[in-house]
Amino acid sequence: MNPIKKPKGTLDILPEESAVWQALEDKIRKAARRSGFSEIRVPTFEFTELFCRGVGDTTDVVNKEMYTFTDKDGSSLSLRPEGTAGVARAVIENGLYAGALPLKLFYLSNFFRHEKPQAGRTREFWQFGVELYGSGSPLADAEVIMLADGLFRSLGLDNITLRINSIGDGKCRPEFRRALIEYFEGHAESLCPTCKERLHKNPLRILDCKNPECKEISKGAPKTLDHLCEECGTHFEELKKCLDSCGVKYVVDPMIVRGLDYYNGTVFEFTVDSIGAQSTVCGGGRYDTLLGSIGGPDMPAVGFGMGITRLIRALEDEGKLPSPDTGADIYVASLGEAARAASFKLAQELRSAGINADYDVCARSLKAQMKYADKTGAKNVMVLGDNELAAGEAELKDLRSGEKRAAKIDARSIAEMLA
């Protein structure tokens, strides 16, 4: 019988890798909480209508990439392809918009899109995301950008670029849209089939196309910044002043438009060229009309999504991966039946005292136990035998320094020595 393998486009995150993920997630949670963001967790699947109305039914995400299925009651459900729409739904359904504002939320979750798997892109993927509701100020835009920028700097990531743009709002977007359609109609025969479909439905998406010929054509397209109304232009200039005041370097990139329909005004991306084609590690912007589009009150909002696997690749490329602390604080080795029973009892007592303790459950030789302790990264080892049990004392050896100390066979005493 052939063994069952994981589905295409998914990952097994093995124990050693998981320890790195946990260390990184711990740093992320601390960074978010320092900036006043609280964690939210939403369902893995939602009614499909939420993503059609929130993300946009002309986007590739909704049209081509969602995992959608019919529930037993006949309703259409979809695995979440991104985080913002689900969080927005939760904000409305639970009345969070009526509390203290700004409302600052973050999540660490997995998402699902049926895309072509490649380096940095999988069908199940993980993101750190933040959502700030209740402020239309450029300071709010700067707040979420500074959170991402500060996290990257705290991780020691050097080879990263912040790219910013503004795509306007309901006042100035229609004029820009007309200018785009007029321009791309002159190049319609050279556009890829997908962009030909987008031309009159959502021409802004053409600017985000990865097809080489479409990218070349887009270089001559009208620029969003040339069509901003006074309000959007002033907002963008104020955002730049905020970033300048904190010494944050950025590139104004008129090709940044983001791939989801709910964005307006400020959009931004953090990119790392060293990780290849999928270079965007973090992307976000403002989505002031999202809550209203799915049945909630009109409320300004801004946020981002950060890809965890891409962030890990970037950190790995620069040798900056967090070093997880995975080994047991102490491994209790044993010689003989009485010592084996004593090591079991001592390990349980040490764990109750807050010490990460391990012991032999395979009745192995002392040599095999010591080899296991070394392989698993144990920091200290104590060997129990008949002589040690009779004396009530054993040798505690630090496996990193080689230092040896006499220790009572007592959980409290050992815990104090290891503290």
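The values are calculated or read from the model by the stated rules, or taken from the named source; none is laboratory data. In this text the structure is predicted, and so the values were computed from the model without any measurement. All Cβ positions, glycine included, derive from the backbone under ideal geometry; neighbour counts span all protein chains shown.
For region 383-391, check the following and say yes or no: at least one residue is more than 19 Å from Glu337 (Cα to Cα) and of a type outside the set (A, V, I, L, M, F, W, C). Checking region 383-391: not a single residue is more than 19 Å from Glu337 (Cα to Cα) and of a type outside the set (A, V, I, L, M, F, W, C). For Ile206, the requirement of being closer than 30 Å to Pro300 by Cα, outside the structural domain of Leu147 (by TED's automatic domain parsing) and in contact with a Lys or Arg (Cβ under 6 Å, 6 or more places away or on another chain) is met.
Candidates in region 385-413 are the residues that are in contact with a Leu (Cβ under 7 Å, 6 or more places away or on another chain) and in contact (Cβ under 8 Å) with a residue 24 or more places away in the chain; of these, the one that is farthest from Lys367 (Cα to Cα) is Ala411. When Leu260 is tested against (1) touching a Pro at 6+ places or on another chain (Cβ under 9 Å); (2) buried (at least 23 other Cβ atoms within 10 Å of the Cβ), just one condition goes unmet, and that condition is (1).
Taken over region 124-162, the criterion of being β-branched (Val, Ile, Thr) and either surrounded by fewer than 16 Cβ atoms within 10 Å (Cβ to Cβ) or part of a helix (DSSP H, G or I) (or both) is satisfied by Val144, Ile145, Thr161.
Of the numbered criteria (1) in a helix (DSSP H, G or I); (2) surrounded by 15 or more Cβ atoms within 10 Å (Cβ to Cβ); (3) β-branched (Val, Ile, Thr), the one Thr234 fails is (2).
In region 163-193, the residue that is surrounded by the fewest Cβ atoms within 10 Å (Cβ to Cβ) out of those that are of a type in the set (Ser, Thr, Tyr) and farther than 26 Å from Asp273 by Cα is Ser190.
Take the residues in region 276-318 that are more than 30 Å from Val20 (Cβ to Cβ) and free of Cβ contacts under 8 Å to residues at least 12 places away in the same chain; name whichever of them is surrounded by the fewest Cβ atoms within 10 Å (Cβ to Cβ). That would be Asp298. Restricting attention to region 354-384, the residues that are within 35 Å of the chain's Cα centre (by Cα) and without any contact (Cβ under 8 Å) to a residue 60 or more places away in the chain add up to 12. Taking the conditions (1) more than 26 Å from Gly295 (Cα to Cα); (2) in a helix (DSSP H, G or I) in turn, Asn2 satisfies each one other than (2).
Here region 375-385 is the region considered, the condition is being outside any loop (DSSP other than H, G, I, E, B) and modelled with pLDDT of 95 or more, and the residue that is surrounded by the fewest Cβ atoms within 10 Å (Cβ to Cβ) is Val383. Taking the conditions exactly as written (surrounded by 13 or more Cβ atoms within 10 Å (Cβ to Cβ) and among the aliphatic types (A, V, I, L, M)), does Ala390 satisfy them or not? Answer is no for this residue. If you check Thr59, Thr48, Thr70, Thr44 for being over 30 Å from Leu199 (Cα atoms), of a type in the set (S, T, N, Q) and touching a residue at least 12 places away in the same chain (Cβ under 8 Å), only one passes: Thr44. The listed residues are Ala140, Ala98, Ala85, and the only one of them that is modelled with pLDDT of 95 or more and closer than 21 Å to Glu238 by Cα turns out to be Ala140. For region 268-299, the candidate set comprises residues that are in a strand (DSSP E or B) and small (Gly, Ala, Ser); within that set, the residue that is farthest from the chain's Cα centre (by Cα) is Gly285.
Of a type in the set (Val, Ile, Thr) and in contact with a strand residue (DSSP E or B) (Cβ under 6 Å, 6 or more places away or on another chain): does that describe Thr10? Considered against the rule, which asks whether it is of a type in the set (Val, Ile, Thr) and in contact with a strand residue (DSSP E or B) (Cβ under 6 Å, 6 or more places away or on another chain), Thr10 comes out as yes.
Only a single criterion out of (1) at pLDDT below 90; (2) touching a Lys or Arg at 6+ places or on another chain (Cβ under 9 Å) is not satisfied by Thr271, namely (1).
For the criterion of being under 16 Å from Leu290 (Cα atoms) and within 23 Å of the chain's Cα centre (by Cα), Ala140 fails. The number of residues in region 51-69 being out of contact with any strand residue (DSSP E or B) (no Cβ under 8 Å at 6 or more places or on another chain) and surrounded by 13 or more Cβ atoms within 10 Å (Cβ to Cβ) comes to 13. Restricting attention to region 6-23 and to residues that are closer than 18 Å to Arg121 by Cβ and surrounded by fewer than 10 Cβ atoms within 10 Å (Cβ to Cβ), the residue that is nearest to the chain's Cα centre (by Cα) turns out to be Asp12.
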